[in-house]
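Engineer: Supplied in C-alpha cells, the structure appears directly below.
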Amino acid sequence: MNGIIRILVVDDDPNISQLIQLYLTREGYEVETSDRGDKALEKFKSNPPNLILLDLMLPGMDGMMVCREVRKLSNIPIIMLTAKDDTFDKVLGLELGADDYMVKPFEMKELIARIKAVLRRYQNTGDTASRELSFPGLTVNISSYTCIYRGKQIDMPPKEIELLYFLSNHPNIVFTREQLLEQVWGYDFFGDSRTVDVHIKRLREKLTDCESLGWQLRTVWSVGYKFEVK
C-alpha cells in the first residue's frame, strides 16, 4: 500500500472524532470525518478511503447498514467502533464483513496498533492475491474476492472468502479455531474463537449439499475444522 493512507472516521460524537483525527494525523494518515451514516456512505462512494473506522450507533444510517453497503462495493478494511460490549453486535459486525472491532472507551495506542495490523493483513492479502482454487463445483478467487458455486457467484463477505480460501488451500488438514484466527484474521486480531464458528456456519449455509461433490467443511470434534476432500 503506497502513498498517503486515507482513513474515514465515522462517529457522531465530535469529541471522539476529533481525538481520533488528531492522533491519526500525527501518525501520518490523512483523515476525513463524518457524523452520519448516510453521509459517510456518500463520502465513501465519491472518494473511497483506504480504511474506515465505523461507529455502530449513527444517525441517518446505522453502522451495520453502512458496513453492508460498503461491502457490496469494496473489500477495504473496516474497524467497527461500539459502546456496546455485546457479543451479538461484534459477531454480526464480523458477519457483515468488518475486519475488527473496538469497544469504547479504548486506548488510542491500541486503536493505532489495530489499524496498522488490519492494513498490514490487507496489504499482504494483495501481495498473494493472484491465486484461484478450484474443486468440483467450486472456484474461490482471492484476487477478485469471488466464490463460484455450482455455476453461480455466491455473495460472501471478505472474511468468509479468506477463510474458505485458506482451508481449501490446505485440504484434509485440521486447524484449531485459534490457528484459524491467527492465519485468517491475523496475529493481532483481538476477537474470540466463536468468530470462527459463526463464519463456518455461514459458509455451510451457502455451500449446501457440497458433500455430493466430493468435498465439505468438516468439524473435527474437540479440535477444529478442515476442508475435507474425498
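The values are calculated or read from the model by the stated rules, or taken from the named source; none is laboratory data. For clarity, every value in this text was computed on a predicted model and none was experimentally measured. Glycine gets a Cβ as well: all are built from the backbone with ideal geometry, and neighbour counts include every protein chain shown.
Engineer: Would you point out which residue out of Leu19, Leu53 is of a type outside the set (Gly, Ala, Ser) and buried (at least 17 other Cβ atoms within 10 Å of the Cβ)?
Structural biologist: Leu53
Engineer: With the range 13-101 as the region, which helices (runs of 4 or more DSSP H) entirely inside it contain at least 2 residues that are over 29 Å from Val196 (Cβ atoms)?
Structural biologist: Answer list for the range 13-101: 14-26, 37-46.
Engineer: Let me ask another. Limited to the range 26-40, what total is found for residues that are over 14 Å from Asp13 (Cβ atoms) and of a type in the set (Ser, Thr, Tyr)?
Structural biologist: 1
Engineer: Quick one: in the range 167-200, of everything that is acidic (Asp, Glu) and modelled with pLDDT under 85, which residue is nearest to Leu111 (Cα to Cα)?
Structural biologist: Asp188
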